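Worksheet for the structure shown next.
The values are calculated or read from the model by the stated rules, or taken from the named source; none is laboratory data. Remember, predicted model here, so these are calculated numbers, not experimental data. So basically every Cβ, Gly included, is an ideal-geometry build from the backbone, and we count neighbours across all protein chains shown.
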Amino acid sequence: MITKLRIAAFQRQPRFNDMAETLKHMLTDLKWCDNQDVCLAVFPECYLQGYASDKPTITHRALRLDSEEFTEVASLTIRFAMRC
């Protein structure tokens, strides 16, 4: 049973159009959280793909649900969530 809830909030510079680099940094952050017994890691709402308001950019940065990148993000999330 968890008696304390450790939370980490991250503010990172977005790496526009570079999902591999973003995921590398996210994995590093989640490993740090694991070592610090953090149960909730909070990232900026548009950390993975950056802020965009025009349709071409949004379409270019969108992740398909069956993409390798989406699968990797889901896997990181599940691995991290199972520890708490």
## Note on the structure
Every listed condition ((1) under 20 Å from I7 (Cβ atoms); (2) touching a Leu at 6+ places or on another chain (Cβ under 6 Å)) holds for M26 save (2)
## Note on the structure
Flagged in the range 23-73 as modelled with pLDDT under 85, closer than 15 Å to A9 by Cα, of a type outside the set (A, V, I, L, M, F, W, C) and surrounded by fewer than 16 Cβ atoms within 10 Å (Cβ to Cβ), in numbering order, are D34, E45
#### Entry: Selection within the range 2-15 - exposed (fewer than 15 other Cβ atoms within 10 Å of the Cβ), more than 11 Å from the chain's Cα centre (by Cα) and either at positive phi or at pLDDT 80 or above (or both)
K4, L5, R6, I7, A9, Q11, Q13
#### Entry: Within the range 1-50, considering residues that are assigned to a loop (DSSP other than H, G, I, E, B) and β-branched (V, I, T), the one nearest to I78 (Cα to Cα)
V38
